[in-house]
1. Pop out the ³J(HN,Hα) list for the range 130-139 in order, Karplus 6.51 cos²θ - 1.76 cosθ + 1.60 with θ = phi - 60°, rounded to Hz; leave Gly and Pro as x.
2. Considering only Thr18, Thr137, Thr33, give the residue with the highest GNM mean-square fluctuation for the chain, with springs between Cα atoms whenever their separation is below 10 Å.
3. With only Lys, Arg, Asp and Glu charged, each at its Cβ (+1 for the first two, -1 for the last two), find how big the charge dipole of the chain is about the Cα centre; round to the nearest 20 debye.
4. Identify the GluC sites (Glu not before Pro) of the range 1-108 meeting these criteria: DSSP loop state and at most 15 other C-beta atoms within 10 Å of the C-beta.
5. Name the most mobile residue of Val24, Val68, Val134, meaning the one with the largest mean-square fluctuation, in a Gaussian network model of the chain with Cα contacts below 10 Å.
6. What are the chymotrypsin sites (Phe, Trp or Tyr not before Pro) within the range 27-83 that DSSP puts in a loop, where the Cβ has at most 12 other Cβ atoms within 10 Å?
7. Taking the Cα centroid of the range 18-57 and of the range 76-90, what is the distance between the two, rounded to the nearest whole Å?
8. Could you work out the longest stretch of the chain that avoids the trypsin sites (Lys or Arg not before Pro) located in DSSP loops with at most 16 other Cβ atoms within 10 Å?
Amino acid sequence: MRNITEKLVKLFKEGYCTPRISQVAKKLKEPSTTIHYNVKKLEKEGAIKAYKAVFDYKKIDEGFCVFVLISLFPDEYGNPEAIGKDLAKHPEVESVDVITGNWEMILKVRAKDQDAYYNLIKTVISRKGINKIVSLTSLKQMKTEFVSI
């Protein structure tokens, strides 16, 4: 049998997961049709954006997790979304948030190791508009996507 793990992980990250309607129905003691109707309604309203798998990142070679604080040059303060959208294009960037305080943005980055992260940082630092970054390395993840590890 062929090993398609990498292809599956990529699809699951893109949202190719679906809820287990029968398990939800059993847990809530409601008919499957009621669950299905309500899930579809939430999807149509945009309340549910996607379904995705929760991974043990070490097992898929993305065990190096870093939170990156980003300071922008003053002339970029007015449009942090443009920089955020550009940064979000990198597959290693799991999340991008515009924040308040001494920093304008925070990224959550997952990479295979520190070398892969360093290669990403060389690209990010060289981007116009980014003044300074601080990397905060996660030593151990305790909870992710509402799942305790």
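1. Couplings: 8, 8, 7, 10, 10, 9, 10, 7, 7, 8 Hz.
2. The residue that fluctuates most here is Thr33.
3. So the dipole magnitude of the chain works out to roughly 740 debye.
4. Answer by residue number: Glu14.
5. Val24
6. Answer in residue order: Tyr77.
7. 32 Å
8. With trypsin sites (Lys or Arg not before Pro) excluded where exposed in loops, the chain gives 53-88 as its longest stretch.
Quick note: the coordinates plus some simple rules give every number you see, no bench work behind them. Just so you know, these numbers come straight off a predicted model, no measurement behind them. So basically every Cβ, Gly included, is an ideal-geometry build from the backbone, and we count neighbours across all protein chains shown.
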